Amino acid sequence: MPNPPPPGQWDWWFTAAVVIAAIVESALRTLPWKEAQLLYVVMAALVLPFRRTRPLAVTATVFGVGIALTVGTTLAGAVSDGIYSAAFIVVLPYSLLRWGSGRDAIIGMSVMAITPWIAIVDDNVLLSDAIGGSIFLLFLGAVGASVRYRSTSLDRAVEQARLQEREQLARELHDTVAHHVSAIAIQAQAGTTVAAGDPDAALRALDVIEREASRTLAEMRSMVGVLRRGEPVDLAPQPGVADIKRLANRTADPVVEVELIGNLTGLPAPVDTAVYRLAQESVTNARRHARAAASVLVRVIGDEDSVRLSVRDDGVAPAPPGANAGFGLAGMAERVKLLGGSFSAGPHPEQGWFVEAVVPRRGGTP
């Protein structure tokens, strides 16, 4: 199951709305332990946005403090219907079963199950209320569990379908290539055998080899294109470090400047292409995400052992681009890792956003 998303803007807007509602309610109603109940709602609202990433911690904190508050007010002889603004915590059973582990669910539901029965010591709470409250919490948890199961099953089914399809395509590619290569090998052997006594037969064999090789290449192009999820296969020469100069643009906004320094010739193809792709993606990200940026500086330095790439803009550093944004920071880091290098990215200490990669010239080969 994919990791749950971190708190977003709407989570904090919801928190702010709950806090405001609690303040207004406490000002308009006469409540025992008013300050304590208001503090409880504010605390619960502030941790609520983390219900997806830390469901057990949030549930245990909110319901644990709520139980303590209920016991305190009851022992003090205070009678109260409670603060209505706290009703939003009913989303916690759903969150616990939706995003928590099995262990989290058992512990969290146990804590929540205690709450209605602790409240029954209050003369205002009936046995039927405690039973109804328990059933309601269980129902919300069941809804969360069902949504989780459906989401997980759907993701698993989609991924399984993709794997099966790619496996089938790979098998077909293997069979097709094996067939044509076998034909090529047979014709090559025949041509070698008859070349001395029958030159025309040798030429016919070469003609068959050419046709079989052309068909093999065409079918491989088609299959590889499908395996790449429908993306067209780029058969043109792959760009390299020298092509980074084409990223420079003094008329764009922001202005892109490129500096190539040191020994950058004779690089292995994987390293040459990787450095270009990293620079290209970094410049694209800077143009899309850097706020108020006037310039982007791309600097590539080559020495005897490695190639160092740095890309920095002078804008307001944004949040990291999402995993689905183009090549993505995760993809960039993975590419550098496979080549045996190091990668870092983030807000620059002085200003803007930076990307830095160091790739060994040998490209990870021993």
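No lab work stands behind these numbers, since they all come straight from the coordinates. Please read these numbers as outputs of a predicted model, since none were measured by experiment. Here the Cβ is made from the backbone with ideal geometry for all residues, glycine too, and neighbour counts use every protein chain on show.
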ask   = For A36 and A330, FRET efficiency with R0 = 41 Å and r from the beta-carbon atoms, rounded to 0.05?
value = 0.35
inquiry  = Give me the one-decimal nm value for the distance between modelled label points at I106 and V255, 7 Å along each residue's Cα-to-Cβ direction.
reply    = 6.5
request  = Using θ = phi - 60° and the Karplus relation 6.51 cos²θ - 1.76 cosθ + 1.60, list the HN-Hα couplings for the range 185-197 in order, rounded to whole Hz, with x at every Gly or Pro.
outcome  = 4, 5, 5, 5, 5, 5, x, 4, 5, 9, 4, 5, x
remark   = Dividing the mean separation of Cα pairs under 8 Å (6+ apart) by the residue count of the range 241-360 yields a relative contact order in percent of 25
request  = Provide M112, M332 in ascending order of the number of other Cβ atoms located within 10 Å of each residue's Cβ, fewest first.
outcome  = M332, M112
remark   = The long-range amide H neighbours of D314, using H built 1.01 Å from N in the peptide plane and a cut-off of under 5 Å, are A294, S295
task = Taking H placed 1.01 Å from N in the peptide plane, check which residues at least 5 places from E259 or on another chain put their amide H under 5 Å from its amide H.
result = V298, R299, V300
key: Separation in nanometres of the label points that stand 7 Å from Cα toward Cβ, at W12 and R246   = 4.1
task = With r as the distance between the Cβ atoms of S134 and R291 and R0 = 45 Å, compute the FRET efficiency 1/(1 + (r/R0)^6) and round to 0.05.
result = 0.35
key: Cut-off under 5 Å, modelled amide H: who pairs with V307 long-range   = V359, R361
query = Where does each of I89, I106 land when they are ranked from fewest to most other beta-carbon atoms within 10 angstrom?
reply = I106, I89
key: Nearest-0.05 FRET efficiency for V47 and A269, computed from C-beta distance (R0 35 Å)   = 0.10
